[in-house]
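Worksheet: the structure to be examined is printed underneath.
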Amino acid sequence: MFIKKTLVAVLFFFNAFYVCSTQKKNDFVCRLKLGEVYVNPKTALKIQGGEWVQLKENIAGRIEDTLVNDPDVVFPVKVPAAGKYVISTHVNRTEKPTGEVKTLYIKMQLDDQRPTKRIVSDARDYSDHVAGVFQLTKLTKQLKIWLPVGIRLGYIEIKDYVPPEVPLEAKIYQPTVVPPIGHPRLWVNAQSLPHVKARLNEKENLSAWIKVKEAAVRKFPFSFSLSQEIFHCAELEKAAETKAFYYLMTGDSLIGHEAVCLMMDYLSVLEFGNITYGDITRKIGGTIYTAALVYDWCYPLLTEDDRKTMYADMMKLADEMEIGWPPFRWSIINGHGNEAEVNRDLLAMSIAVYNENQEPYRYTSYRILEQLVPMRKFEYQSPRHNQGVDYGAFRLGWEMHAAWLFYRMSGIRVFDDNITNLSKFWLYMRLPDGEMLRDGDMFSVSKEGKPYYWNLPQTMLLLYSYANDPLIKAEFVRQGGLPENPVLFLLLNDPNLKSNPDLSSLPLTIDFGPILGSMIARTGWEMGMNSNDVIAEIKGGGYNFGNHQHADAGAIQLYYKGLQVCDLGLYINYGSPYDLNFNKRSVAHSMMLVKDPAEKILFKATFNDGGTRFNQRFPEMPQEVTDDTWFCNGKVLSSDFGPSKQKPFYSFFKVDLTGAYSAKIKHYTRSFCFLNLHRDDVPAVIILADDMLTARPDLKKEWQINTLIKPTCKDSCIILQNKLNGCTGKTYVQMLLPHPIQRQMQILSSTDYSNLYGPQYKIPSMIPEANGYHIMISPAKENKHDRFLTIFQMKKDDTKPLPVKFYEEDRRYVISLADYVVCMSSDSNLNKNSFSLSIPGTIESRVLLTDMNPGVWKVSSSDRKIEFSAKVSAGQNTIFFKALPGNYNINPGSY
């Protein structure tokens, strides 16, 4: 039992060991050293000259014992004014951890407040931890500590809590879109509520509504004591949300009161502590969001005191968010600040409490309407997400929460309509086996290395309902729907919108535009393990937005009965050496590498892989993107597909990638030509051309493609393969330039690459991307200027590759195979001059001329029996026609 007389003695020595500074406002720092603090003689002792205190030998920690009230250590506390203060701990472990590091906690109690558990040592930091932010007053006298076994405590630090600074623009901001006076206003308002109610019993919604009713009327047992904190309980929050929704739909006040009581009781004892792992802010935000729903939907059932209490509890949690309160600690453009924190959680809270306090809404609406919305209008000119397949879908889902919350609250769509086009990204990235082409940090790869159906149905629900898109609704259904969140489904799903699972209405090729330059071309939309479709992607041009976006400008991917040319690397731990030196870097992608030993690699990366500039800095506004060359990812020169835009024979993409690299590259273009052959045995061909000029001849160029299965070589060609459902697909890679005697090749496994090129921090895993192969081809001699020309033929099983005829003439490559003749520039320039072309064979050929200067061109056979004009558009630069064998003249004309 703690003895009051001892505490009086301790307080007498207060000034002797209480080192503090209060010279400046918001600059209060006090380090509470051990000195003459009270140490419980029964349980603890000072060691090492009184510098540390720890539990006595054979004394067990009493942190979990709720009946114990005599602490191990007591610090006196004195602060200059009432307010929020940060309390931190400094400890050492009594033994150096070996193996898995156990998290150790102390129990803390300020005066007679409720005790709380706080982490003092874990795998991330053995010694120093912020215990949390606490409300202290001039009447706060003591801090009681209960120690765990295994640590010694050195000191406690108390300092002013400094909230995030509010920009002046936000302080004076007056949003033009504001919540209505009445409730509800979250997800429904007076106008939309009757429509949602009317749809509950329609066939498509009925099962979800039955599920909600059954859960709502079911009692949720919750026993608690105000003297004991509890941790996050997802089941309780779901029960409160369901009951509140049921009240909103039916007016059943008994169930509504259950929702209110459940949420208020829960908030009264909820404590997240100082846990930082597992992205705890997402759970904190989820609690705020649920409380806001109950507050808004059950508003008529709340007393004025209820509203004040719930508001205070939500604001307390808001302080604990990563983005902080006011919500300006982190950016809303990228990172965790772009997720649920503002777009759903704080926005929902601010809308709910708008009548009581308009400041939260002013801050959150400023961040979304004045910062996020303009940036996304710029970015979403390209209908793909710069954070990749997984993080892109995840973060877009939270932006769609904001879009919906504003729309249902006010009837105004605050985001540009181009946000509705982003769904195309996930349709085009889809592979026949259910997976996706890789893009950015992927956290959803199969754990067994077997095909799986990629899914994030909540984002699909938000997208299809907002855009009235039947194709995405069908994708939502294929992904299994959203059985775990029937409330959101009932709020958004319109049964009158019928899903359309037929993707054949989509063009086979998509050009993603100028912001995220890229193209995906496919031979069909047949999904399933027996599909014979080929899907290919090339990236480059536009901008790099950092964070989860990779250094992959110019990279290609190729799927045929499994990934053939692909990304390697796994997203294991953000910012780890493996992540920064391999997974996010160019070496993990199929693209050109040029190693300059003098090149500096930034952002804690140490390995010089020879790739594009590594970026982990992201822009905050459109002008920053366009004005700062750091974000440059090259420039798309040409992009076209046709002649049918629905089912094109050819897809052509050319990009100047100079800006994506450092000054080691003086000029570099990559051309990509995808030919849909409409054949079962050889369904598609890719022609890949690279033209690169480096700053010095000694900078070695490495043309690299990556694959999952060890390739073989035959007749100076590389054979890639993969297998799906017992059927093998092969890719026959034939490099035409440099000639075999003018090039060197290495085929390196992940382990080989580690040994030859530096540590790659290999991850032990059975997932194929962790154990792939690098195929690297370099010119045999040092040159400033080198060109690479490669043909990829995708063929079934042991089908022989098609014969290729090739010649080079007057800065032009001419390639003939099957019934195609392709003429393309052999360098980075457009063709402006007349030339002749010979069409071989005995049958009609499809002729594609690329890299043509804009304007009118005249095509005529040598006998003048065929003669026509073709208009070449800037940015497309192609001419396509069918021609019988013979000689043809192509001449520039005039408009």
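The values are calculated or read from the model by the stated rules, or taken from the named source; none is laboratory data. Please read all numbers here as calculations on a predicted model, not as lab measurements. For neighbour counting, all protein chains shown are included, and Cβ atoms are generated from backbone atoms with ideal geometry for every residue, glycine included. Only protein heavy atoms, including side chains, enter the accessible area calculation; ligands, DNA and RNA are left aside. Shrake-Rupley method; radii C 1.70, N 1.55, O 1.52, S 1.80 Å.
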Percent of beta bridges antiparallel (DSSP, the stretch 724-855, rounded to nearest 5): 85
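Within the set of other residues whose C-beta is less than 12 Å from the C-beta of residue 634, count the net charge using Lys and Arg as +1 and Asp and Glu as -1. Present the calculation step by step, with values, prior to reporting the outcome.
Working: positive: 539, 613, 635, 654, 670; negative: 552, 656.
Around residue 634, the surrounding residues sum to +3.
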Alpha-carbon centroid distance for the pair the stretch 516-564 / the stretch 51-99, whole angstrom: 54
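When the accessible area of the stretch 555-688 is computed with all protein chains present and a 1.4 Å probe, what percentage of it is carbon and sulfur? Before the final figure, lay out each step's value.
Working: 2470 of 4290 Å².
Heavy-atom surface of the stretch 555-688 belonging to carbon and sulfur, 1.4 Å probe: 57 percent.
Once you list every other residue whose beta carbon is under 12 Å from the beta carbon of residue 581, what net charge do they have if Lys and Arg are +1 and Asp and Glu are -1?
Values: positive: 584, 585, 604, 762; negative: 579, 609.
In short, +2.
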Qualifying GluC sites (Glu not before Pro) for the stretch 301-382 [loop in DSSP, other Cβ within 10 Å: at most 16]: 356
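Sorted by average packing, counted as other Cβ atoms within 10 angstrom per residue and highest first, what order do 479-487, 392-400, 98-106 take? Could you put the intermediate results ahead of the total?
Numbers: 479-487: 16.7, 392-400: 23.8, 98-106: 13.7.
Ranked from most to least packed, the peptides come out as 392-400, 479-487, 98-106.
At a 1.4 Å probe, what is the % contribution of carbon and sulfur to the accessible area of the stretch 785-842?
Details: 1150 of 2530 Å².
Roughly 45 percent, rounded to a whole number.
Return one whole number: the accessible area per residue of the stretch 239-324 in Å², for a 1.4 Å probe. Please list the in-between numbers first.
Values: 2690 Å² over 86 residues.
Roughly 31 Å² per residue, with all protein chains present.
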Distance between the stretch 188-242 and the stretch 584-620 - C-alpha centres, whole angstrom: 49
Peptides ranked, highest mean first, by Cβ atoms within 10 Å: ranges 519-529, 256-266: 256-266, 519-529
Part-to-part distance (alpha-carbon centres) for the stretch 350-409 and the stretch 751-822, which is given in Å: 42
With every protein chain in place, the stretch 171-258: carbon and sulfur % of accessible area (1.4 Å): 59
Candidate lysines for bridging to residue 784, where Cα separation is under 19 Å - those fewer than 8 sequence places away on the same chain excluded: 595, 664, 666, 700, 701
Simple label model, 7 Å out from Cα along Cβ direction - residue 749 to residue 95, nm: 3.9
For residue 375, net neighbour charge (Lys/Arg +1, Asp/Glu -1) across residues whose Cβ lies under 12 Å away: -3
Reachable lysines, given that their alpha-carbon falls under 23 Å from the alpha-carbon of residue 647 and they are not under 8 places away in the same chain: 424, 539, 561, 795, 796, 871, 882
Assigned charges on the beta-carbon of Lys, Arg, Asp, Glu; the chain dipole about Cα centre (debye): 840
For the stretch 748-895: accessible area per residue (Å², 1.4 Å): 47
The stretch 814-853 shape via C-alpha gyration tensor axes, a/c threshold 1.5: prolate
Accessible surface, the stretch 557-601, averaged per residue in Å² (probe 1.4 Å): 25
Nearby aspartates and glutamates by direct alpha-carbon distance to residue 584 (threshold 16 angstrom, same-chain neighbours under 8 apart not counted): 390, 439, 441, 552, 567, 609, 769
